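Before any comments, here is the structure.
Rule-based calculations on the coordinates, nothing more; no lab input. Given the structure is predicted, the values throughout are model-derived calculations rather than measurements. Glycine also receives a Cβ, built like all others from the backbone with ideal geometry; neighbour counts cover every protein chain displayed.
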Amino acid sequence: MKIKLCLIGDRAVGKTCLVERYMMDHFSGEYRQTMGAKVYKKVVKLQLELREKMIEIDMTLWDIMGDLPLSDLTDEAYFRGVQGLLAVCDVTRRSTAESLDHWIAATPESVRNLPMCIIVNKDDLVDQVEVHEDDVFRLGDVFSSSVVMTSAKTGNNVQQAFEFLAKSIVERQLGPDTDFLAEERFGIRERPAGISAKAF
Ligand SMILES: Nc1nc2c(ncn2[C@@H]2O[C@H](COP(=O)(O)OP(=O)(O)OP(=O)(O)O)[C@@H](O)[C@H]2O)c(=O)[nH]1
Ligand SMILES: [Mg+2]
């Protein structure tokens, strides 16, 4: 299955570092502004807990420069075929959380309703926190989105954030588990441990 995810968020919040941590398990402390957009690809195997199966994902990540004029976001190419959004802010700069509103509002309408994950990055910088826990919960409520605190520097929660979003897209695409329903109906399915067998 193919999945395309796009990252949005202000300059220097750590979008490129998050992608590089996830894709290459690498971190650079040096800031190199992304020019335009850059595309990364990786094949990942995801364990779908609800369905007890592994699935292979051909993942494409689109990383964009943070000080792109927001009007350019309506550009079709960046969002063509996108299935999920990673909206990134920096825990040390409150303004980057506030501007997620503008970023999301600037995306095409079809994109705004896609599964989204808000990433509050740089949580290793504990003595510089400007985005507090209640702000983080509020962000999640406002955008009906999950919120994850990450650090591209230490790697904390980075894989979890990307894969949580990928899994929710896959689950949504697969729809109800029809195999499971059919097997359950005919009583041929071996019950996983911890789930009691029904009488058929
Ligand atoms: N301490 C700390 N620094 C980070 C973290 N993530 C990124 N940085 C630093 O923040 C700066 C910006 O990171 P980038 O990944 O280039 O930011 P970006 O969002 O891609 O920026 P643009 O390409 O301009 O949009 C770099 O100096 C990184 O080293 C993190 O989790 N912790
Ligand atoms: Mg970048």
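Some values worked out for this structure:
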quantity: Charge dipole magnitude, Cβ of K and R +1, D and E -1 - the chain, Cα centre, debye nearest 20; calculated: 640
quantity: Sum of -39500 (n - 2.57) over DSSP H runs of 4+, divided by residues of the chain (222 nm, nearest 500); calculated: -9000 deg cm²/dmol
quantity: Inter-probe distance in nm under a simple model that places probes 7 Å from Cα toward Cβ, at Lys42 and Leu174; calculated: 2.1
quantity: Cα lying deepest toward the dipole's positive end in the chain, options Met54, Gln83, Ile3, charges on Cβ; calculated: Met54
quantity: Ranked list, fewest to most other Cβ atoms within 10 Å of each Cβ, for Lys122, Lys153; calculated: Lys153, Lys122
quantity: Point-to-point label distance, Asn113-Asp67, nm (Cα→Cβ direction, 7 Å offset); calculated: 3.6
quantity: Length gained when the stretch Ser144-Lys53 is fully extended (0.36 nm per residue, less Cα-Cα span); calculated: 30.0 nm
